[in-house]
Amino acid sequence: MTEVRVRIAPSPSGNLHIGTARTALFNYLFAKKNNGKFILRIEDTDAERTSQAYIDNIFDSLKALGLNWDEGPDVGGPYGPYTQSERFDIYPKYAQMLLDKGFAYECFCTPEELEAEKQLATQNKKPYVYSKKCENLTEEEKAKLRAEGRKPAIRFNIAKAQKAFHEGTILKFDDLVKGELHMDTSLLGDFVIMKSNGTPTYNFAVVIDDMLMKISHVIRGEDHISNTFKQILIFEALGAEVPRFGHLGMILAPDRSKLSKRHGATAVSEFVEKGYLTEALINFVALLGWSPSDGQEIKSIDEIAKDFRIGDISSSNSIFEYDKLNWMNSHYIKMLSIDELKERLKPYLTKYDLTELTDEQYTRMVEITYEPLTLLSDITDAVPYFFGEDVEIDPKAQADVLDTDVAQDVLKEFLRQAEAWEFTEENLHEKLEAFRAEYKEKGIKPKVTMWAIRAAVTGRTCGADMTAILAILGKDKVFRRVKKAIK
Ligand code: GLU
């Protein structure tokens, strides 16, 4: 195979999982590095678990992460369709080919018969392997079973394929990530490739699609390793070129269990809703199993693509450290321009009436509030006092600050003096400095003086730059709030 062609093949039975995003990223990087093609295929053969909403979520999430595909259901390509449910007429022909070559056989066993076999295996404490009862049925026997109304499934004949292409029962392949892997295929059992209703199973559809789509490298999670042995034999039985395989370690939660909802977000769209930047997410997942050659972890997807080598991927599991992701996210927030921030923060400010602020005021609000943000969504609780006439006073600000005699005195004096002030930042800066100095002379620390004003105007004891806040709010609102705070 000359051209590198890789794919991500999600099953739309849920929103795009962060683990699938990592698999997609590694495929994408491998394609970029090798001037290859990155293909999106939707594996929706399980109609009951599939939904259009999940398909849309997969598209949107991959796009938001910048993992744009060269061929796929929406953009098409030379080997479409790229949605498995639209390919159902393709698979029977290849199943027939395997039947004709003797690498598959019809199986008429009923679910009850198969269940009985499984129970027997359990009783004997043996792993279940299909008995091959139907392997050598004669044409007469098959005709009789058909006449009874039985519809056959088609099973792949593992032993036949193993014998035709390998010595003994051990199948080996050289994994791009994990090195040589092997398995005794006599333990696999003849699995179904076409169900009795005429639809393909995952292991069969995936091989036919990878073959017809000329996939050169299959990079996916290590949970698929046992499937890979089955798939290699199918490729060989079809006389097709076998792609190279690479299996990625799992992503585990900090407690080393499977990453799940109870640890936090797991779908890309959930992370985005929570206020993670897609740039931070993609940078973070790249580091789950891969590390940059210069040790410099903050990298754009293009920089990562240049540095990426599949052989450097760690074969072990990776731990999903939410703390590290948070750190990275706050770093990426700080790298955004103010104009970008103004746009990206808007979805998290919908509970406020942004028309209360002019564009200039909104810009200034963002400038003075973005630095401590870990998540974009943190902005929601950082800015309520910029909106509305009055402000909700935090009980602590009331008790520790506003209820003190010093604060009451400061606020009264502030009203008296500020009447004559022009509420521009520059002017306020100068005036407040003089105001604090006067109180300092009386033995009141500058920060105590400012606490009184902050508590009255913002309802809080800490927050953004006070001069800027006063200028944004303007004299009327500030006076109204200070008057309310005076007893
Ligand atoms: N649809 C399969 C999954 O989501 C794809 C596995 C593969 O890459 O072959 O797990």
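The values are calculated or read from the model by the stated rules, or taken from the named source; none is laboratory data. None of the values given here were measured: they were computed from a predicted structure. Virtual Cβ from ideal backbone geometry, glycine too; neighbours counted across all protein chains shown.
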### Checking THR355 against (1) surrounded by 15 or more Cβ atoms within 10 Å (Cβ to Cβ); (2) within 30 Å of PHE271 (Cα to Cα), the condition it does not meet
(1)
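Residue by residue, here is whether (1) in a loop (DSSP other than H, G, I, E, B); (2) modelled with pLDDT under 95; (3) of a type in the set (Gly, Ala, Ser) holds:
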position	(1), (2), (3)
GLY388	yes, no, yes
GLU392	yes, no, no
LEU428	no, no, no
LYS431	no, no, no
ALA437	no, no, yes
ALA468	no, no, yes
ALA471	no, no, yes
### Summary
Quick count over the stretch 201-240, residues being more than 9 Å from the ligand (Cβ to nearest atom), hydroxyl-bearing (Ser, Thr, Tyr) and in a helix (DSSP H, G or I), is 1
### Query
What number goes with the only condition from (1) more than 40 Å from the chain's Cα centre (by Cα); (2) part of a helix (DSSP H, G or I) that LYS133 does not pass?
(2)
### Query
If you go through the stretch 41-71, how many residues are in contact with a Pro (Cβ under 8 Å, 6 or more places away or on another chain), surrounded by fewer than 21 Cβ atoms within 10 Å (Cβ to Cβ) and assigned to a loop (DSSP other than H, G, I, E, B)?
3
### Message
Suppose we filter ILE219, ILE282, ILE232 for residues that are in contact (Cβ under 8 Å) with a residue 60 or more places away in the chain and more than 30 Å from ASP190 (Cβ to Cβ); which single one remains?
### Response
ILE282
### Query
Is it the case that VAL285 is within 12 Å of the ligand (Cβ to nearest atom), part of a helix (DSSP H, G or I), aliphatic (A, V, I, L, M) and touching a Leu at 6+ places or on another chain (Cβ under 8 Å)?
no
### Task
For the stretch 326-355, enumerate the residues that are aromatic (Phe, Trp, Tyr) and outside any helix (DSSP H, G or I).
TYR352
### Query
In the stretch 27-51, what count of residues is obtained for those that are within 19 Å of PRO12 (Cβ to Cβ), in contact (Cβ under 8 Å) with a residue 24 or more places away in the chain and over 17 Å from the mean Cα position of the chain (by Cα)?
11
### Message
Could you check the stretch 78-108 and list, in sequence order, the residues that are surrounded by 14 or more Cβ atoms within 10 Å (Cβ to Cβ) and without any contact (Cβ under 8 Å) to a residue 40 or more places away in the chain?
### Response
GLY80, PRO81
### Query
Residue check, THR2 against (1) closer than 19 Å to LEU287 by Cβ; (2) modelled with pLDDT under 95; (3) among the β-branched types (Val, Ile, Thr), all met but one. Which one?
(1)
### Message
Looking only at the stretch 247-263, how many residues end up being more than 11 Å from the ligand (Cβ to nearest atom) and under 18 Å from SER315 (Cβ atoms)?
### Response
5
### Query
In this structure, does ALA31 turn out to be within 13 Å of the ligand (Cβ to nearest atom) and modelled with pLDDT of 95 or more?
no
### Task
Scan the stretch 13-26 residue by residue and report those that are within 9 Å of the ligand (Cβ to nearest atom) and either crowded, with 19+ Cβ neighbours inside 10 Å or closer than 18 Å to SER314 by Cβ (or both).
THR20, THR23
